[in-house]
Amino acid sequence: MYKAPRGTQDKLPSEQSYWAYVTHKAQGLCQLYGYQRLDTPTFEEAGLFQRSIGEGTDIVEKEMYTFKDHGGDLMTLRPEGTAPVCRAYIEHGMQNLPQPVRLYYLSPIFRYERPQAGRFRQHHQFGCEAIGDEDPSLDAEIIELAWRLCESLGLRGLTLQLNSIGCPECRPLYLQRLKQYYTNHSESLCQDCKARLVRNPLRLLDCKKPICKELAQEAPSITDHLCATCNTHFNDVQRLLATIEIPFTNNPFLVRGLDYYTRTVFELHPKEEGAQSALGGGGRYDLLIEELGGKPSPAIGFATGLERLILNLQRQDVAVPNIDQPSVFITYLDYQGKVEAVRIASSLRHAGIGANTPPGGRSLKAQLKQANARGASHAVIVGGEELERGNITIRDLTQGQQQEIPIDQVVQHLSNLQQGPTASIQNGVIW
Ligand code: AMP
């Protein structure tokens, strides 16, 4: 028996309401904040990710799905969303548009990780990027957007951690001090961190092993080593966040798993903490576009994991609206009624009203039971003496009332009943 590959999941119909809810909210916010959708290919040249994410990172070292295609080119399934957006920004000359360019994506992401709760080998991210300006107001905007997404979904007890990891001006001196500190404690470090000490000392602060976490507490802090420009920028970001009442906690040890970040970095954490718990995160990457061959274009962005958001919605019992199901069920008593039921269902759908007919051979009682189970708002009953009179019966399934009306008025009658706002939402996402 074949099964979905380890670390991947089928998103079953019963879960689609959550997916529709989250993507609908995300897209609604993007409209409010002026972010436009960009879809990039599922795979890119491997070099794009090696160059941008950085050689010493877990993603590039051991998590990328890289393969040689039939033409001998090395390709990688998208392990994160920012580098492809930057590649597209450069390729399509978006630096010639008014800056910043605000973009968002909804994409599957592939990382060969050890699967566990909230950690998969294929997951999905919603991310936003504001490219072409270094103003701290953009940092505040991106962080606000990430925060409002979680808040508007109905998640409670979130925390936002904030840090600045400086720039090529101030970071080298800090890294020197950090390296010195850890070299003095190198015998206590875990195996991975011993290697990080040589290749990527900033990542030592991010290790989840208890002994390394303890050492990180006493490590020199980057915020004590920021140059004047980074310091002013960081102060401005904090002031703006306070102005728009986004609560944040400074975490001088917050670093991110990708090499391209500069200055602002942040993460959103849910109420229930755990090693795999970040709901989303992001930061500035002022040098990445240049690194990839574009004109200097400072930028900031964030990404959230949709599976993690949904997991937390379920843990917190947040009710989500149902995706639209056909709201009218056309039941029938005999063969003549069935033909009429198929015709009525067809004309209702033509008029934009969702309708189903049950399969044949069931009693009226069983058909009505099914209509209720499917959450239909109305049943149309076709057959018997009413049909001979040219009529059908419409039953309101929520109120339990029914009435007989001429068959040629069904569409008009149900159109009138179905007007007005509906609580349900449509899934408009094509992956
Ligand atoms: P990152 O690109 O690592 O900053 O991840 C951004 C967000 O994507 C994280 O905060 C998580 O919510 C989510 N995420 C990252 N990796 C995984 C994974 N392997 N499985 C599920 N969600 C993930």
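The values are calculated or read from the model by the stated rules, or taken from the named source; none is laboratory data. None of the values given here were measured: they were computed from a predicted structure. Glycine gets a Cβ as well: all are built from the backbone with ideal geometry, and neighbour counts include every protein chain shown.
Among the residues of the range 41-66, write down those that are in contact with a strand residue (DSSP E or B) (Cβ under 7 Å, 6 or more places away or on another chain) and of a type outside the set (A, V, I, L, M, F, W, C). Residues satisfying the conditions are Thr42, Glu44, Glu45, Tyr65, Thr66. In summary, Glu55 fulfils each of the numbered conditions (1) within 16 Å of the ligand (Cβ to nearest atom); (2) loosely packed, with under 13 Cβ neighbours inside 10 Å; (3) among the acidic types (Asp, Glu) with the single exception of condition (1). Every condition in (1) surrounded by 19 or more Cβ atoms within 10 Å (Cβ to Cβ); (2) modelled with pLDDT under 95 is met by Leu226 except one, and the failing one is (2).
Scanning the range 2-23 for residues that are among the small types (Gly, Ala, Ser) and exposed (fewer than 10 other Cβ atoms within 10 Å of the Cβ) gives Ala4, Ser14. In the range 232-257, the residues that are on the phi > 0 side of the Ramachandran plot never reach a residue that is within 16 Å of the ligand (Cβ to nearest atom) with C-beta atoms less than 8 angstrom apart, at least six apart or across chains. Pairs are defined by a Cβ separation below 6 Å, a sequence spacing of at least 6 or placement on different chains, a first member in the range 307-326 that is at negative phi, and a second member that is outside any helix (DSSP H, G or I) and of a type in the set (Val, Ile, Thr); the pairs so defined are Pro321/Ile425. If the condition is being outside any loop (DSSP other than H, G, I, E, B) and charged (D, E, K, R), then the range 361-378 contributes Lys365, Lys369. Taking the criterion of being assigned to a helix (DSSP H, G or I), at pLDDT 85 or above and not aliphatic (A, V, I, L, M), the residues of the range 204-217 that qualify are Pro210, Cys212, Lys213, Glu214, Gln217. Would a scan of the range 75-95 turn up a residue that is out of contact with any helix residue (DSSP H, G or I) (no Cβ under 8 Å at 6 or more places or on another chain), surrounded by 17 or more Cβ atoms within 10 Å (Cβ to Cβ) and touching a residue at least 40 places away in the same chain (Cβ under 8 Å)? Yes, that holds for at least one residue.
Residue-wise test of (1) closer than 23 Å to Leu38 by Cα; (2) in contact with a Leu (Cβ under 6 Å, 6 or more places away or on another chain); (3) more than 13 Å from the ligand (Cβ to nearest atom).
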site	(1), (2), (3)
Pro98	yes, no, yes
Arg102	yes, no, yes
Ser107	yes, no, no
Arg111	yes, no, no
Gln116	no, no, no
Glu129	yes, yes, no
Leu155	no, no, no
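Condition check ((1) of a type in the set (Lys, Arg); (2) buried (at least 21 other Cβ atoms within 10 Å of the Cβ); (3) closer than 18 Å to Leu12 by Cα; (4) touching a Gly at 6+ places or on another chain (Cβ under 8 Å)) across all residues:
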{"residue": "Pro298", "(1), (2), (3), (4)": "no, yes, no, yes"}
{"residue": "Arg308", "(1), (2), (3), (4)": "yes, yes, yes, yes"}
{"residue": "Asp317", "(1), (2), (3), (4)": "no, no, no, no"}
{"residue": "Ile344", "(1), (2), (3), (4)": "no, yes, no, no"}
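Of all residues in the range 131-143, those being more than 16 Å from the ligand (Cβ to nearest atom) and either assigned to a loop (DSSP other than H, G, I, E, B) or of a type in the set (A, V, I, L, M, F, W, C) (or both) number 7.
Among the candidates Ala278, Ala366, Ala373, Ala345, the residue that is of a type in the set (A, V, I, L, M, F, W, C), without any contact (Cβ under 8 Å) to a residue 40 or more places away in the chain and within 16 Å of the ligand (Cβ to nearest atom) is uniquely Ala278.
Read through the list (1) within 16 Å of the ligand (Cβ to nearest atom); (2) at pLDDT 95 or above, then give the number of the only condition that Thr249 fails. Failed condition: (1). Only strands (runs of 3 or more DSSP E) whose full extent lies in the range 1-116 are considered here, and the ones with at least 2 residues that are modelled with pLDDT of 95 or more and more than 27 Å from Ile131 (Cα to Cα) are 66-68. For the range 297-305, does any single residue satisfy the condition of being more than 20 Å from Phe49 (Cβ to Cβ) and more than 16 Å from the ligand (Cβ to nearest atom)? Scanning the range 297-305, I find at least one residue that is more than 20 Å from Phe49 (Cβ to Cβ) and more than 16 Å from the ligand (Cβ to nearest atom), so the answer is yes. Of the residues making up the range 124-138, those that are of a type outside the set (Gly, Ala, Ser), in contact (Cβ under 8 Å) with a residue 60 or more places away in the chain and surrounded by fewer than 20 Cβ atoms within 10 Å (Cβ to Cβ) are Asp133, Glu134.
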